[in-house]
1. Write out, first by first residue and then by second, each pair whose Cβ atoms fall under 9 Å of each other, whose residues are 6+ apart or on separate chains, and whose first residue, in region 167-184, is among the polar types (S, T, N, Q) while the second is not in a strand (DSSP E or B).
2. Hey, Phe348 hits all of (1) in contact (Cβ under 8 Å) with a residue 60 or more places away in the chain; (2) part of a helix (DSSP H, G or I); (3) of a type in the set (A, V, I, L, M, F, W, C) but one; which does it fall short on?
3. Regarding Gly147, is this residue surrounded by fewer than 24 Cβ atoms within 10 Å (Cβ to Cβ), closer than 19 Å to Leu30 by Cα and at pLDDT 95 or above?
4. From the residues in region 335-350 that are closer than 21 Å to Phe77 by Cα and out of contact with any Pro (no Cβ under 8 Å at 6 or more places or on another chain), which one is surrounded by the most Cβ atoms within 10 Å (Cβ to Cβ)?
5. On the basis of being within 17 Å of Asn380 (Cβ to Cβ) and either part of a loop (DSSP other than H, G, I, E, B) or touching a residue at least 24 places away in the same chain (Cβ under 8 Å) (or both), does Gln467 make the cut?
6. For region 268-276, does any single residue satisfy the condition of being in the same structural domain as Val518 (by TED's automatic domain parsing), part of a loop (DSSP other than H, G, I, E, B) and surrounded by fewer than 22 Cβ atoms within 10 Å (Cβ to Cβ)?
7. For region 167-184, how many residues meet the condition of being assigned to a strand (DSSP E or B) and surrounded by fewer than 24 Cβ atoms within 10 Å (Cβ to Cβ)?
8. Assess whether Ala459 counts as being part of a helix (DSSP H, G or I), within 26 Å of the chain's Cα centre (by Cα), at pLDDT 95 or above and closer than 24 Å to Gln405 by Cβ.
Amino acid sequence: MTSDNPEPSSSTPAGGPPVVIGEAITLADLVAVAHRRRPAVLSAAARDRIVASREAVEAIAAAGDDAPAVYGVNTGFGALAETRISSADVAQLQKNLVRSHACGVGPDLSDAEVRAMIVLRAQVVAMGHSGVRPEVVDLLLGMLDAGVCPRIPAQGSVGASGDLAPLAHLALALMGEGQARLDGELMDAGAALKKAGLEPLELAAKEGIALINGTQYMTALGALALDRAQHLCTVADLAGAMSIEALKGSKKPFDERLMQVRPHPGQAAVAANLRSLLTQSEIMASHAHCGKVQDPYSLRCIPQVHGATRDALDWVAQTLTTELNSVTDNPTVFLERGEAALISGGNFHGQPVALAMDLAAIAVAELANISERRVEQLVNPALSTGLTPFLAADSGLDSGFMIAQVASASLVSENKVLCHPASVDSIPSSANREDHVSMGSIAARKLGQVVENVANSLAIELIVAAQGLDQRAPLKPAEGVRLAHAVLREVVPTLDGDRPLYRDFEAARRIVDDHSLVNRVAEAIGPLS
C-alpha cells in the first residue's frame, strides 16, 4: 500500500529495550517495532494467562461431540454459526476458515504496516482471553525477530467482524501457506519460515478464529498514520512561522494572554511554538510601526487552526492506545474461580477506531488547507507586498512558484474527497448476520493518503516561504526561522531562474520525513511542542 517511511517516529532508539507483549504498550512502542525493528518479547505473566485460557478450549475439545456448542470452536462461522461441527473436524475447521477468508485484493501493505499488525495480533492473544496455545504468540514474535513479513493485500475488510481478510493473510503465513517477504524478497510463506529457521503452525481448535477476529489492520495503519500526522503538526507550525516572516506578518496574535482566555491546549501549544520561532526578528522589527492592522486568517489564526488539529489528534491517540491494549477476539475466554466461560460478543467491531480515523483525516487535512492559503499569500502579487510576482527571479520571463500553488491546491482538493467519512457507510454481509459494519479499514487507508498529501503540501510551503525570506534580505528573520531556512537551503537552492521543482519538493519532503528539519531547529532554540 505504501512504502516504508524512514522517519524516526519514536524517541526510543533502535536496539533499545524490548517491547513487552502482554503488558500495556504505547503508540510509540508500536511505531518503534514497526519502523525500526525494535525487539518484542512475551512477558512471563502473559504466557501463564495464555496457557490457562488454552486449557478451557482444550476441555471443550476433549468433550468431543458431547460438548456444548461454542461459536467458532465446534460451530461454523457467521451465518453458519448454528451449523454444528464434528469433533473430528474442529482442527480442519480452523484451517478452512483461514484459507477461505484470505481473499484480499489491491496493493500490498508495506513491511512496516505488516509488522505493526503482527505486534497487535500478538498483543491481543497475550491478554489471555483467546484460548490459543503459546506457540501461536511465539511464532508471531519469531516472525518479527526474523523479519518475515506476510504478503497482505490492502483491500477486502469492512471492519467487522474485525479485519477478516487482511488478518487471514497474516494467519495463512503462520500456517506456511500464502506468501511472505524476507529481506525484501517475496517467496512462498513456507519457504520464508524455513529460511528464517521457523516452523509453521498446525492450527488447533479456535486458533484460526482467534487470529482473524479483531481490529489489528485498521489500528496498525491508523497508528502509523497518526504518528506521522502528529509530527506534521510541528512541521506546520514551523512552515507557518516562515511564511509569517516572509509576508511581514505580526506575532501579536500569538500573545499568551489571548491563549489564556480561550484555553484550548492545542491552541496554546501552537502559540508557544510560534512565539519561540519568532523571537528577535529583524524583519518583524522593520515593520513594527506600519499601518497594517491585521494579518489574514491564514497567518493570524494559525494557533486556532493548527491547535484544533492537535486536540483532535490527541483524542485519536487516546482511542488508539485503548485499542492497542484491548481484547477484540470472539468468542472470549474468561476464567473466574477456576471455571471457564466462553462468551460471544462484538469486541471485534471497529466503530471506535473508524470514527477516530475519520476525525484524524479531517483534522490533519486542515494543516494543508490553511498551508495552501499561505502559499497563495506568498505568490499572489496583489497580496505579497514587497515580493516579486510568484516569487520569480524575473517575473514574466519566469513563472516562479505559480504552479507550486496549483500543486498544493490539487492536494487540498483531493483531501476534501478523501475526508468524506467512511464510518457513515455500512453494507450487510454474511447473509445479513453481520448487518452493521464499521468500514474502519477504509477510514484508516484514507487517513494514510491524507497524511501523505499534507506532508507534500507542507513541503511546498517550506520551499515557497524560504524564497520569500530570500527576498527580504538583508533583513534577518528570527533565529528559529533563520535556522529552518538554512537547513532547507542545504538541500534546496534558491530559485534564481525557472527549473523543474519536483526534485525540490522531494528534497524538502526528505527533511520533513526524517525529522531533521524540526530536530535541528529545536536543538538550537529549545524543544517545540
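The values are calculated or read from the model by the stated rules, or taken from the named source; none is laboratory data. Predicted, not measured: the structure shown is a model, and the values here were computed from it. Neighbour counts are summed over all protein chains in view; Cβ atoms, including those assigned to glycine, are modelled from backbone coordinates with ideal geometry.
1. Gln179/Arg151; Gln179/His169; Gln179/Leu172; Gln179/Ala173; Gln179/Ala189; Gln179/Ala192
2. Failed condition: (2).
3. Considered against the rule, which asks whether it is surrounded by fewer than 24 Cβ atoms within 10 Å (Cβ to Cβ), closer than 19 Å to Leu30 by Cα and at pLDDT 95 or above, Gly147 comes out as yes.
4. Among those that are closer than 21 Å to Phe77 by Cα and out of contact with any Pro (no Cβ under 8 Å at 6 or more places or on another chain), it is Gly350.
5. yes
6. No, region 268-276 contains no residue that is in the same structural domain as Val518 (by TED's automatic domain parsing), part of a loop (DSSP other than H, G, I, E, B) and surrounded by fewer than 22 Cβ atoms within 10 Å (Cβ to Cβ).
7. Total meeting the criteria: 3.
8. yes
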